[in-house]
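**Q** Got a structure here, written out as structure tokens. Questions coming.
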Amino acid sequence: MSADVVIAGAAETDEIGRLPDRSAFQLHLEGARNALADAGLVKDDVDGVATVGTPGPVQVAHALGITPAWLDGTSVGGASFLFHVRHAVAAIRAGLCHTVLVTHGESGRSRVGAPPRAFGRDSLLGQFELPYGTMGPATMFTVTALRYMKETGLTHEQLASVAVAQRRWAHLTPRAAMRDLVTVEDVLASRLVAYPFHLLECCLVTDGGGALVITSRERAEARGTRKPPVYVLGSGESAESPIISQMEDFTTSRSFRLSSQAAFAEAKITHGDVDHLMIYDAFAHVPIYGLEDMGFVGRGEAGAFVAEGHTSPGGRLPMNTNGGGLSYTHTGMYGMFAMQESIRQLRGEAAAQVPGVELGVVLGNGGMFMSAATLVLGNRRP
Amino acid sequence: MSAGQPTEAVPKAVPEPTPETQPFWDGTAAGELRVQRCLACTRHYFYPRPVCPHCGASDVEWVTVSGRASLYSYVISHRPAPGFGDGGPYAIAVVELEEGVRMMTNIVGTEITPDALRLDMPLRVVFEPRGDVHLPLFEPADEGDR
């Protein structure tokens, strides 16, 4: 058997955005149904299930009538689904299972059937961060940015330009939540959420889901899957601190660096090979860190790179081409959507299609620079 | 609740110590900032845990530190957490103690504006009672304090 593992099915829920009539669990199942249909497979083809903590892989498998031979409940934030893909590739290569369903569903906005947002007063967060008036990621994930700005010279205007660039992609994307073009001035005039971050530099909060079907190339060919396969050419994962105050250097993410180095090395690619890039963007500074930590630009260069339009439509490194978490959708654990857009681009079926995409890279962030996974995906057989 | 009745003030979040963090909270209650130091590699570390993250040794001690720090980074929150609604925007900061460890805190005793809050400015610890514990907060220090 060859070592080639492919993404044979990929789909989002029918709708994303504000879905008060669907529970998080329903969104998982809807994503699963759509991904299986996309692959042209049925539930009995699946023998592995991976998803995050709630509802978890047992419930997803049971609800779908799947008898799993392999489970992965890795739950390390919004990048978890990239971890699942990496783990599924290894499991399929090792013969532990042959076809894995990775599901995401989250009622991030409507909170229907969603787990409570509670942290114990005795947890690390509860003892050493929450008492200082943190209010979710907007007041914590963002706390690194002023240090980065001081050390690299990133300007407020450059930070705002991340939102501007991504809105240009969202403008071309009918499913994106926010599609009106904006200027740097508009971003800086939006209300302050947590200085230096304005509303338009913070991600959306939405409902939605999606799923992937992963199998060996040989099995996909034997079963005659519907869509051209997307090859998983390399992957990497790492983690750093469970609470952001303990991140070792506020100007660079160790797990971004290490997961990307591992993925690039396994795929044997260099930065010049990459046609398309997705970097998890919960807040505008995250793609700035990602561009530098992955090595696409030098230290302190990412702000100018984005502001000059190199990641925008027509630019030399198209990035976050669905509009990203800032403009497309952000259910809370956005990683599934970053992968979906990468796959659409590689299949040539994206709304804002970039011509000639053969190699894409996805960087997923988990928590607040807590964990990261990177995937190198391609549409050509390695 | 009927109209016109005063609403009860929403309390700020109160941390609940665990066995490995209790010495830290005992310190703040005594007006001291205590962190751990590794007896093997002599480096300080924070948050409290029984193993040195630098060298892996379990031979560690609690020490009282100077309380002198500098401002490493911050945000000014415009979305008040429960209990934080009255004082206007507030600074959620990460400070670096002169012993090299960092912790999240609030900056007090100064105007909460980007102009007043300069990165690397000197700070010193103060303690605020909160429920049954005391929290370490930081206020500007004179340069001479360093």
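**Q** Among the residues of region B:2-48, which ones are among the hydroxyl-bearing types (Ser, Thr, Tyr), at pLDDT 95 or above and surrounded by fewer than 12 Cβ atoms within 10 Å (Cβ to Cβ)?
**A** Of everything in region B:2-48, just one residue is among the hydroxyl-bearing types (Ser, Thr, Tyr), at pLDDT 95 or above and surrounded by fewer than 12 Cβ atoms within 10 Å (Cβ to Cβ), namely B:Thr42.
**Q** Looking at (1) farther than 12 Å from A:Leu146 by Cβ; (2) free of Cβ contacts under 8 Å to residues at least 40 places away in the same chain; (3) under 14 Å from the mean Cα position of the chain (by Cα), can you tell me which one B:Ala116 breaks?
**A** (3)
**Q** Further question: Collect the residues in region B:87-146 that are more than 11 Å from chain A (Cβ to nearest Cβ), surrounded by fewer than 15 Cβ atoms within 10 Å (Cβ to Cβ) and among the small types (Gly, Ala, Ser), keeping them in residue-number order.
**A** Answer for region B:87-146, where residues must be more than 11 Å from chain A (Cβ to nearest Cβ), surrounded by fewer than 15 Cβ atoms within 10 Å (Cβ to Cβ) and among the small types (Gly, Ala, Ser): B:Gly88, B:Gly100, B:Gly109, B:Ala116, B:Gly144.
**Q** What are the pairs with Cβ atoms under 8 angstrom where one residue, in region A:193-205, is more than 10 Å from every other protein chain (Cβ to nearest Cβ) and the other, located anywhere, is of a type in the set (Asp, Glu) and buried (at least 23 other Cβ atoms within 10 Å of the Cβ)? Sequence gap at least six, or different chains.
**A** The qualifying pairs are A:Cys203/A:Asp281.
**Q** Tell me which residues, restricted to region A:219-237, are under 24 Å from the mean Cα position of the chain (by Cα) and crowded, with 20+ Cβ neighbours inside 10 Å.
**A** Passing the criteria: A:Pro229, A:Val230, A:Tyr231, A:Val232, A:Leu233, A:Gly234, A:Ser235, A:Gly236, A:Glu237.
**Q** Tell me which residues, restricted to region A:121-157, are more than 7 Å from every other protein chain (Cβ to nearest Cβ), closer than 30 Å to A:Glu301 by Cα and either of a type in the set (Gly, Ala, Ser) or out of contact with any Ser or Thr (no Cβ under 7 Å at 6 or more places or on another chain) (or both).
**A** A:Gly136, A:Pro137, A:Phe141, A:Ala145, A:Met149, A:Gly153, A:Leu154, A:Thr155, A:His156, A:Glu157
**Q** A further question on this structure: Name every residue in region B:53-78 that is away from chain A (no Cβ under 14 Å), more than 16 Å from the chain's Cα centre (by Cα) and part of a loop (DSSP other than H, G, I, E, B), in order of residue number.
**A** B:Cys55, B:Gly56, B:Ala57, B:Ser58, B:Asp59 - these are the residues of region B:53-78 that are away from chain A (no Cβ under 14 Å), more than 16 Å from the chain's Cα centre (by Cα) and part of a loop (DSSP other than H, G, I, E, B).
**Q** Let me ask you something else. Failed condition for A:Thr155, given (1) of a type outside the set (D, E, K, R); (2) surrounded by fewer than 17 Cβ atoms within 10 Å (Cβ to Cβ); (3) touching a Cys at 6+ places or on another chain (Cβ under 7 Å), with all others met?
**A** So A:Thr155 meets the others, but not (3).
**Q** If you don't mind, there's one more thing I want to ask. Could you tell me which numbered condition A:Gln59 fails, if it satisfies all but one of (1) closer than 21 Å to A:Val376 by Cβ; (2) touching a helix residue (DSSP H, G or I) at 6+ places or on another chain (Cβ under 8 Å)?
**A** (1)
**Q** Hey, another quick one. Can you go through A:Gln158, A:Gln166 and tell me which one is in a helix (DSSP H, G or I), of a type outside the set (A, V, I, L, M), within 24 Å of the chain's Cα centre (by Cα) and within 17 Å of A:Pro313 (Cβ to Cβ)?
**A** After applying the criteria, what remains is A:Gln166.
**Q** Going through region A:236-280 one residue at a time, which ones are within 26 Å of B:Tyr47 (Cβ to Cβ), assigned to a loop (DSSP other than H, G, I, E, B) and touching a Gly at 6+ places or on another chain (Cβ under 7 Å)?
**A** A:Tyr280
**Q** Could I ask something else about it? Considering only region A:45-136, give the helices (runs of 4 or more DSSP H) lying wholly within it that have at least 1 residues that are at pLDDT 95 or above and within 24 Å of A:Ile279 (Cα to Cα).
**A** Hits in region A:45-136: A:80-94.
**Q** Check B:Gly83, B:Gly87, B:Gly100 and return the single one that is in contact (Cβ under 8 Å) with a residue 12 or more places away in the chain and more than 16 Å from the chain's Cα centre (by Cα).
**A** Of the residues listed, the single one that is in contact (Cβ under 8 Å) with a residue 12 or more places away in the chain and more than 16 Å from the chain's Cα centre (by Cα) is B:Gly83.
**Q** Just checking, which of A:Gly108, A:Gly133 is out of contact with any Gly (no Cβ under 7 Å at 6 or more places or on another chain) and not polar (S, T, N, Q)?
**A** Step by step, each of A:Gly108, A:Gly133 is checked, and only A:Gly133 is out of contact with any Gly (no Cβ under 7 Å at 6 or more places or on another chain) and not polar (S, T, N, Q).
**Q** Here is a further query. So which of A:Ala163, A:Ala118 is surrounded by 17 or more Cβ atoms within 10 Å (Cβ to Cβ) and either within 11 Å of another protein chain (Cβ to nearest Cβ) or not polar (S, T, N, Q) (or both)?
**A** A:Ala163
The values are calculated or read from the model by the stated rules, or taken from the named source; none is laboratory data. These figures come from a predicted structure and were not determined experimentally. Cβ: placed from backbone, ideal geometry, glycine included. Neighbour counts: every protein chain shown.
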